[in-house]
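Here, each number is a calculation from the coordinates, and none is a lab measurement. Source: prediction; values computed, not measured. Reconstructed Cβ throughout: ideal geometry from the backbone, glycine too, with neighbour counts over all protein chains shown.
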Amino acid sequence: MTEKKRSMLRSLAGTSGAFGILLALCAVGTSDFHDELQFADEETRQHYENKIISEKSCVKLTGLATVFMLGGAAGLILTEKKGRKR
């Protein structure tokens, strides 16, 4: 692998990993908010449930975040330079 390709792949892998982490944080925040809504009154619960994503979509978002983070990790592993043996 040439140095230019390695550099580009490392940049893309880092970006993919960072995007996966952001998606995971969004999914966790939404999940926590769903849990908090259980203790809210009925009017407040209906108001916010119409504005946030469903729990099913939250699971899909978590899976997508995992794919992006695994893709980023795989890209970083593939572009790791091997040390020269003497």
Segments classed as helices (runs of 4 or more DSSP H), wholly inside the chain, with at least 2 members that are aromatic (F, W, Y): 3-37
Test set (1) touching a helix residue (DSSP H, G or I) at 6+ places or on another chain (Cβ under 9 Å); (2) surrounded by fewer than 10 Cβ atoms within 10 Å (Cβ to Cβ); (3) within 26 Å of S7 (Cα to Cα) - Q38 fails condition number: (3)
Any hit, the range 55-69, residues being among the small types (G, A, S) and either closer than 30 Å to E3 by Cα or in contact with a Gly (Cβ under 7 Å, 6 or more places away or on another chain) (or both): yes
Candidates S31, S16, S11, filtered to the one that is over 27 Å from K82 (Cα atoms) and surrounded by 12 or more Cβ atoms within 10 Å (Cβ to Cβ): S31
